[in-house]
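The values are calculated or read from the model by the stated rules, or taken from the named source; none is laboratory data. Just so it is clear, the structure is predicted and the values come from calculations on it, not from any experiment. Every residue, glycine as well, gets a Cβ built from its backbone with ideal geometry; the counts of neighbours run over all protein chains shown.
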Amino acid sequence: MTTTVIGYPRIGSHRELKFAVQKYFKQAISADELAQTASQLRHENWQTLSDAGIDQIPSGDFSYYDLTLDTATLLNIVPARYKALHLAPLDEYFAQARGYQGEHGDVKALSMKKWFNTNYHYLVTEFDDDADIKLVGTKIFDEYQEARDAGYQTRPTIIGPYTLIKNGRFTGHKTASDFVPALVAAYEAVFAQLAKQGADWIQIDEPALVKDQTAADLALFSSLYKPLLAAKHGLKVLGQTYFGDVRDSYDLLTSLDFDALGLDFLEGAETLPLVQDHGFPADKILYAGVINGKNIWKAHYQDKIDLLNQIKGAAAQVVISTSCSLLHVPYTIENEPQLDDKYKRYLAFAKEKLTELVELDRIEAGDTALLEQNEQLFTQPRYVENETITKQVASLKEADFHREPSFEERARVQKAEFNLPKLPTTTIGSFPQTKEVKRNRAKFKKGEITKEAYDQFNRDQIKACVEFQEEIGVDVLVHGEFERNDMVEYFGEKLDGFLFTSNAWVQSYGTRCVKPPIIWGDVSRNQPITVAESVYAQSLTDKPVKGMLTGPVTILNWSFPREDLSLKESTYQIALAIQAEVLDLEHNGIKIIQIDEAALRENLPLRQSDWYSKYLDWAIPAFRLVHSKVAASTQIHTHMCYSEFDDIIDAIDDMDADVISFEASRADLTLLDTLQKDHFKTHVGPGVYDIHSPRVPSQDEIEGTIRKIVAKIPLDNIWINPDCGLKTRGNKETTPSLIHLVAATKKVRQEL
Ligand code: GLN
Ligand code: ZN
């Protein structure tokens, strides 16, 4: 059989691209030098795939920032406000990704959203009425040519027009169908050019098909693909889907003139039955996603072989592939020399998954030794068990998930307790992780400084941070999270049941990467995690300091979960551990505690019909379990990151927090209408400026935003804060931004 992958990670096995792009932002390297690094990384990837023995190698899966943005840019879907800056193409591209503030003007970034059910984020394509869609870019052609010149005949990949539309935003009067003719023409031009260059295949990604599809959706899909597939210019077209099954569009897809279809047999619960019951056309190739592109566990070959045999029973031509792009897993366990082999032999990152694809092919060809060797891994229990904790989870009762007294009663008690001004100001927790903060941690990790010296440095940072907040007049302070490398890893390191890597980075957005821990056993808390820092910060001021925790759903979603335990059970174990920390903070005099659920939406099933039954019905109770035992006067905050909330707003209210802060600024505060309409009870800080951009908002701009919020949300329910933690920013922009935030709030308060 033939082997391939949908895509490969691109940030570099040691995050070379991240560092090069950041240097470019700081003007420390030129566009040419950046291009050189990028080219080298692409060559390394092609070489790796080729060395591993992968038959069909993709190209075009590289990106400086994001593939959706690349596709929109290729097709000239660039809002006028960016074009008006008259920047060089690369700078215009980055201006869309991160906003621009400089000699040429002052423009916010495009909005950013979660990419389906992953922790990757894409930039939302804006379809303005005056958009002039046509092929203008060369990226996909250049990369194809670059590979070809290096001796690789690749399969160029591109995000398809349907997914571009479904993930996009229509800002004017026009709707999707108005853009269909231009999109068809533009994609056809891409086909024509690739064919001219000598490409045989193109992979066109349409993951939007795995969501629930209406008849109108399918009609839109047909209106794009009927004409497009009638104009292939001799190219063969692989329609690639992932993250689920295509139950609504299967018959349509198989009836259209695709030369191959890529289906996900892992997350797609219905994929195998669809192929078996509806049949798969003999003239098409089935790209079977059987190697998991999201987890880091070695595949159980016998299961995969059984699956492949069933697939082959239903389809004449099968290519073995990954369930989704390998973008969502780290590069290689070769970068983890410190990890004991007793763990490593169970793990497969991107590079090891290439070997798995090739080995499956060899097993299919009769190599039984490989099968037996693999089988040995699955005969013994591998995870560390803790009976106390499993019993505790098993004996949880309904009452453990409910906080008393009611929200309204608590709000009354807390109003008296804290006596805060109207529009109280706060931040989301972290302050800039400066060079010095990172250097201190690095020195400690290398053993160059003592634990005392390390802690003392962080205490000095906390002190300075508290003083700064007092000085500028913030109402509810934070300690700044200087001791944390990452909001999940930090907790994982102090809890039992987690395993850590050194270099297993996964791209989250642009230059931002995360290093998810691996859940390797039952999770429990055997020591306080955050108490010392919070208590120290509180000792420095009379104003309340918020304790700062990561919630159980986020810890789970941003870790690699076990395969033998349900997500629900794993999350409840983590929830009990965080509950103990909440109670410890409360016991030590911390009166406001924020429990971040930044990633709550991430694992929401892609099909709405599954939302409650497969996820929210345990995820929301898991959060309530964490804070159900605190006193009425203890104020519980939570925070959620950039993503859509409108459709789960009731579930969010049901978390029963006292206050929630959201990212709303980068989505133009459209959330406010939902909050207003649905009588959201939880007090709310909608986020008055975008911290994912280096732009400094002026006092005026923030005043405008606050007024918009005041116009829609009851005054007593409003908090004023940035829209996320400040750790990725520098002090250079953070200091003026927060000064403007407080000044703007004071100004609006006077008008009330
Ligand atoms: N408290 C965290 C911080 O400020 C929250 C970060 C997040 O939501 N991603 O960094
Ligand atoms: Zn956030």
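Number of residues in segment 711-737 that are over 30 Å from LYS677 (Cα atoms) and either more than 16 Å from ligand 2 (Cβ to nearest atom) or without any contact (Cβ under 8 Å) to a residue 40 or more places away in the chain (or both): the value is 6.
State which residue is surrounded by the most Cβ atoms within 10 Å (Cβ to Cβ) when the search covers only segment 476-498 and only residues that are closer than 22 Å to GLN635 by Cα and more than 16 Å from ligand 2 (Cβ to nearest atom). First the steps, then the outcome.
The initial filter retains those residues of segment 476-498 that are closer than 22 Å to GLN635 by Cα, namely 476-481, 487, 491.
From what is left, the residues that are more than 16 Å from ligand 2 (Cβ to nearest atom) are 476-477, 479.
Numbers: VAL476: 23, LEU477: 24, HIS479: 29.
Ranking the candidates gives HIS479 first.
So for segment 701-712 (the condition being within 16 Å of ligand 1 (Cβ to nearest atom) and crowded, with 18+ Cβ neighbours inside 10 Å), does at least one residue qualify? Checked segment 701-712: no residue is within 16 Å of ligand 1 (Cβ to nearest atom) and crowded, with 18+ Cβ neighbours inside 10 Å. Across segment 104-120, the number of residues qualifying as more than 24 Å from LEU209 (Cβ to Cβ) and outside any loop (DSSP other than H, G, I, E, B) comes to 3. For segment 413-462, the set of residues classified as within 30 Å of ALA744 (Cα to Cα), more than 16 Å from ligand 1 (Cβ to nearest atom) and of a type in the set (Gly, Ala, Ser) consists of ALA416 only.
Screening ILE593 against (1) in a helix (DSSP H, G or I); (2) closer than 26 Å to ASN119 by Cα; (3) over 24 Å from the mean Cα position of the chain (by Cα) leaves a single unmet condition, (1). When ALA95, ALA84, ALA88, ALA80 are checked against the criterion of being in contact with an Asp or Glu (Cβ under 7 Å, 6 or more places away or on another chain), farther than 18 Å from LYS166 by Cα and among the small types (Gly, Ala, Ser), ALA80 stands alone in meeting it. Counting only residues that are surrounded by fewer than 17 Cβ atoms within 10 Å (Cβ to Cβ), in contact (Cβ under 8 Å) with a residue 24 or more places away in the chain and over 27 Å from the mean Cα position of the chain (by Cα), which one in segment 197-217 is nearest to LEU263 (Cα to Cα)? In this case the residue turns out to be ASP200. On inspection, THR674 does not qualify as buried (at least 20 other Cβ atoms within 10 Å of the Cβ) and more than 16 Å from ligand 1 (Cβ to nearest atom).
Checking PHE221, PHE243 one by one, the residue that is of a type in the set (A, V, I, L, M, F, W, C), closer than 24 Å to ASP61 by Cβ, within 31 Å of the chain's Cα centre (by Cα) and part of a helix (DSSP H, G or I) is PHE221 and no other.
Cβ-Cβ contacts under 7 Å between residues 6 or more apart (or on different chains), taken from a first residue in segment 588-613 that is within 16 Å of ligand 1 (Cβ to nearest atom) to a second residue that is small (Gly, Ala, Ser) and modelled with pLDDT under 95, are listed as ARG601/SER643. The residue pairs whose first member lies in segment 372-398 and is over 28 Å from PRO552 (Cα atoms), whose second member is part of a loop (DSSP other than H, G, I, E, B) and of a type in the set (D, E, K, R), and whose beta carbons are closer than 8 Å, counting only pairs six or more residues apart or on different chains, are ASN374/LYS298; LEU377/LYS298; LEU377/ARG345.
Is it true that THR541 is closer than 19 Å to GLU481 by Cβ and assigned to a loop (DSSP other than H, G, I, E, B)? Working first, answer last.
Details: closer than 19 Å to GLU481 by Cβ: yes; assigned to a loop (DSSP other than H, G, I, E, B): yes.
Yes; evaluated as a whole, the condition is true for this residue.
Which one is nearest to ILE519 (Cα to Cα) among residues in segment 545-563 that are in contact with a Phe, Trp or Tyr (Cβ under 8 Å, 6 or more places away or on another chain) and in a helix (DSSP H, G or I)? Checked segment 545-563; the qualifying residue nearest to ILE519 (Cα to Cα) is ILE555. In segment 650-664, the residues that are within 12 Å of ALA622 (Cα to Cα) form Cβ pairs under 7 Å with partners that are crowded, with 24+ Cβ neighbours inside 10 Å, at six or more places apart or across chains, as follows: MET655/PHE623; MET655/THR638. Being among the aromatic types (Phe, Trp, Tyr) and within 15 Å of ligand 1 (Cβ to nearest atom), is that true of even one residue in segment 493-513? Scanning segment 493-513, I find at least one residue that is among the aromatic types (Phe, Trp, Tyr) and within 15 Å of ligand 1 (Cβ to nearest atom), so the answer is yes.
Being touching a Leu at 6+ places or on another chain (Cβ under 9 Å), of a type outside the set (Phe, Trp, Tyr) and in contact (Cβ under 8 Å) with a residue 40 or more places away in the chain is the filter here; which residues of segment 218-236 pass it?
Residues of segment 218-236 touching a Leu at 6+ places or on another chain (Cβ under 9 Å): 218, 221-222, 224-226, 228-229, 233, 235.
Narrowing further to those that are of a type outside the set (Phe, Trp, Tyr): 218, 222, 224, 226, 228-229, 233, 235.
Of everything in segment 218-236, those that are touching a Leu at 6+ places or on another chain (Cβ under 9 Å), of a type outside the set (Phe, Trp, Tyr) and in contact (Cβ under 8 Å) with a residue 40 or more places away in the chain turn out to be LEU224, LEU228, HIS233, LEU235.
Residue count for segment 420-447 satisfying the condition of being touching a Ser or Thr at 6+ places or on another chain (Cβ under 7 Å) and more than 16 Å from ligand 2 (Cβ to nearest atom): 2. Scanning segment 398-442 for residues that are of a type in the set (Lys, Arg) and either under 19 Å from LYS591 (Cβ atoms) or surrounded by 15 or more Cβ atoms within 10 Å (Cβ to Cβ) (or both) turns up ARG403, ARG410, ARG412, LYS415, ARG441. Screening segment 612-693 for strands (runs of 3 or more DSSP E) wholly inside it with 1 or more residues that are at pLDDT 95 or above and more than 16 Å from ligand 2 (Cβ to nearest atom) returns the ranges 635-640, 683-685. Restricting attention to segment 255-273, which residues are closer than 25 Å to GLU563 by Cα and assigned to a helix (DSSP H, G or I)? THR271, LEU272, PRO273, listed by residue number. Against the numbered list (1) touching a residue at least 60 places away in the same chain (Cβ under 8 Å); (2) in a loop (DSSP other than H, G, I, E, B); (3) β-branched (Val, Ile, Thr), THR73 comes up short only at (2).
Among the residues of segment 47-105, those identified as within 23 Å of ASP200 (Cβ to Cβ) and β-branched (Val, Ile, Thr) are THR48, ILE54, ILE57, THR71.
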